[in-house]
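No value in this document is a laboratory result; all are computed from the given coordinates. Quick caveat, the model's predicted, so the values are computed rather than measured. Heads up, the Cβs are rebuilt from the backbone with ideal geometry, glycines too, and the neighbour counts pull from every protein chain shown.
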């Protein structure tokens, strides 16, 4: 069963998009403005490094951050970013972490992730926690918006209002079997939409079982 523990505001939270000042920065990058590039590196490199360190070794994290900015520069002319720059940079870094975790798992080496999980809970880094939670919340919101209206209504009544299937059926004048089908459909869709995030779900209290 999927149980998502979030504030009600999460269900209505819009996905962040690039603001006007960031569009100016992106345009400057496309004009090969090295000053803007260096400013971006100075602003984000340390945060990206600490973010990656929660999932991979320090040396690997350092190389990842260097690679993120190398790609940002070498592909600057073809960049197409629909989110905020912050979301884009952390998203690219996250994808590299997930790839590394999958490769380690395929080799049967899960010790690094386990150690990083323990370190996370010991240090309780609120800033890193909020970054991950924001990204997953955005992804979760997008997935919810893709559900059919009735399916979404039933699912939110179950998860947000914590109503029993019998209560939902009575309120909506449908059968309990129909309620079960709607919830099952929603869970299947959400598992599919969030499958790439499974290695990180435990960090913020989202559970799929």
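Computed quantities for the displayed model
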| read-out | value |
| --- | --- |
| Three-way shape call for region 132-172 based on the alpha-carbon gyration tensor, with the a/c threshold at 1.5 | oblate |
| Calculated FRET efficiency for the pair residue 185/residue 23, C-beta based, R₀ 41 Å, to 0.05 | 0.60 |
